[in-house]
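So the structure is just underneath, and the comments pick up after that.
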Amino acid sequence: MPATTTYRIAVLPGDGIGRDVTDAAVAVLKAATRHWTGTQLEFREYQAGAAEYLRSGCDLPEATLAACRESDAVLLGAMGLPDVRKADGRELTPQIELREILDLYCGLRPIQLFHSADTPLKGRDAGEIDFVIVRENTEGLFFARHEQRPATDFEARDTLRITRAGSERVFRSAFRLARRRRRHVTLVDKANVLPSMVFFRKVFDEVAAEFPEVTTDRMYVDAAALHLVRRPESFDVLVTENMFGDILSDLAAALVGGMGMAPSADIGDEAAVFQPSHGTAPDIAGKGIANPIATILSAALMLEWLECPECIAAAARIRGAVTAVLSDPACRTPDLSGRMKTEGLTAEIVERLDISGERSGGGV
C-alpha cells in the first residue's frame, strides 16, 4: 500500500472572531479533502494573541512559535484586542512577529469580485475586479516598530528601511506571480518625494529586466489609491512597500465587499502563514455572524502553496464552491447586508463542494 503524505497544519484561532472563522475554514478543508487517497491534512491548535497574553503574559509562546516552525503551514484567525496593549500603548501583534521571525517577506493580498452586489462601484460584474497586491512584509516603515522612543516627549521618529536584498526577492515573487496571471506588474511607490523610494524603483527596474515577457508600469501611491477606485479592472499584480501595502489592501478589500472577503498569505522561502486580512472584530465576537469567506479563501491559498496535485485540485474545488454560493445574493452574512450566520454560510460552501467540479474562482 503506497505511503500517505501528511501535511501538518498549525491552527492559531487567536482572538475575537478568530475562532469562528478558523473553525469554518477547517470544516471546509476537511470536506474538500475527505476523499483524498495519498495525502492528508493534520490539524493541531495552538494559542497566541491577546487572550493568551492575559493568561500567561506572552502573546506568542515559545511552544506556539516552535509549532509554527515545525508545521508545513500555519492557518491563523485574527489576533489582538483594542483594550489589551503593551506598556508603550501599542496593541499586541503576534501575527507581525511571525512574519519577521519566519522571514515571511511576500505578503499576498488577492482581491476578487464575486458578485456585482458586493461592490460600491457601479457597473462592475463578477470577475471584472481581479488583482493581487504583493506587499513587502519585513522592512519598509514597519522596520522601525522595535526601535525605542526618544527620552523626551518632543518628537518621535520611525525609519523607513529599504534594502536591495529585501526588494529584489519580493519583486521576483511579484513577477513570477504575474507570469501565471495576466503578465503585468505595477510598482507602487513615492519616488517623487522619498529617496528610499527612488532606490526601491531602481531595484524594481533592474529586476523587471529579468522578466521581459511581463509588462510594467510605475505609479505613486496616492495615484494608485485613486485609480484602484476609478479603474480597478486595469490592475493585475501590484507590488509595494510594507506600509503602503497595508493601507492599499484595506482600500482594495472595500471594492469587493469588505475585509470579510479579503484573504491573505504571508510567504517566505521556508514557511507560510495564511489568514484573513480582517481583524478580531470584538464587537461581533461570539455572535456567530462573522464572514468566513476570507479565511476559507486563505485556506485555498494554503493548499495551492503546498503544491501537491490533490491540494491544488482541492483548492480549485473550494474556489468553485465559494463562487457558486456567492452567485446567490441571499447567501451573505450581515457585513454584506445579509442574514446568514457563519455556520450557515459555511454549510452552504461545504454542500457545494461535491458539485463544484474543478471550476476555479480566479485568485492567484
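A short reminder: the numbers here are calculations on the coordinates, not readings from a lab. Keep in mind that this is a model prediction, so the values were computed, not measured. For neighbour counting, all protein chains shown are included, and Cβ atoms are generated from backbone atoms with ideal geometry for every residue, glycine included.
When the Gaussian network model of the chain links Cα atoms closer than 10 Å, the mean-square fluctuations of THR163, THR119, THR323 top out at THR163. Around the amide H of TYR220, modelled in the peptide plane, lie the amide H atoms of ASP189, all under 5 Å away and 5 or more residues distant in sequence or on another chain. Listed values for the range 162-172 are Karplus-derived 3J(HN,Hα) couplings in whole Hz (6.51 cos²θ - 1.76 cosθ + 1.60, θ = phi - 60°), namely 10, 10, 4, 4, x, 6, 4, 6, 6, 5, 5, and x replaces Gly and Pro. Dipole orientation for the chain: of the candidates SER173, VAL239, PRO212, PRO212 has the Cα lying most toward the positive pole (charges on Cβ; Lys, Arg +1; Asp, Glu -1). Counting other Cβ atoms within 10 Å as a rough exposure proxy, the listed residues TYR105, TYR46 run TYR46, TYR105 from fewest neighbours to most.
For the range 206-211, the Karplus equation 6.51 cos²θ - 1.76 cosθ + 1.60, evaluated at θ = phi - 60°, returns couplings of 5, 5, 4, 5, 7, 10 Hz by residue, with Gly and Pro reported as x. Among PHE154, LEU251, GLY286, whose Cα sits farthest toward the positive end of the charge dipole of the chain (+1 at Cβ of Lys/Arg, -1 at Cβ of Asp/Glu, about the Cα centre)? Highest projection toward the positive end goes to LEU251. In the Gaussian network model of the chain, springs joining C-alpha atoms below 10 Å, which of ALA314, ALA271, ALA165 carries the largest mean-square fluctuation? Looking only at ALA314, ALA271, ALA165, the largest GNM fluctuation is found for ALA165.
Taking every DSSP beta bridge that has both ends in the range 1-134, the antiparallel portion is near 35%. Within the listed set GLY320, GLY107, GLY38, the residue fluctuating most in the Gaussian network model of the chain (springs between alpha-carbon atoms under 10 angstrom) is GLY38. The alpha carbons of the range 76-122 stretch over 46, 28, 16 Å along the principal axes, in descending order. Amide H contacts of THR39: THR5, each under 5 Å away and 5 or more positions distant or on a separate chain (H built 1.01 Å from N in the peptide plane; Pro and chain starts excluded).
Each DSSP beta bridge with both residues in the chain is either parallel or antiparallel, and the antiparallel ones are about 40%.
Between the range 74-94 and the range 21-55, the C-alpha centres lie 21 angstrom from each other. Couplings 3J(HN,Hα) for the range 54-67, derived from phi with the Karplus relation 6.51 cos²θ - 1.76 cosθ + 1.60 (θ = phi - 60°), are 5, 7, 10, x, 9, 8, 9, x, 4, 5, 5, 4, 4, 5 Hz, where x marks Gly and Pro. In summary, the convex hull built on the alpha carbon positions of the chain has an orientation-averaged projected area of 19.3 nm².
Its Cα centre serving as origin, the range 138-229 has a Cβ charge dipole (Lys and Arg +1, Asp and Glu -1) of approximately 500 debye. Amide H contacts of ILE133: ARG109, ILE111, LEU238, each under 5 Å away and 5 or more positions distant or on a separate chain (H built 1.01 Å from N in the peptide plane; Pro and chain starts excluded).
Since only ALA117, ILE96, ALA144 are under comparison, the one whose Cα sits farthest along the positive direction of the charge dipole of the range 88-229, derived from C-beta charges on Lys, Arg, Asp and Glu, is ALA117.
In a reduced charge model with +1 at each Lys and Arg Cβ and -1 at each Asp and Glu Cβ, the chain shows a dipole moment near 640 debye about its Cα centre.
Mean residue ellipticity, 222 nm, helices only, the chain: the sum of -39500 (n - 2.57) across DSSP H runs of n ≥ 4, divided by residue count and rounded to 500, is -11500 deg cm²/dmol. Summing charges over neighbours of ALA32, with a neighbour being any other residue whose Cβ is under 11 Å away from its Cβ, gives +3 when K and R count +1 and D and E count -1.
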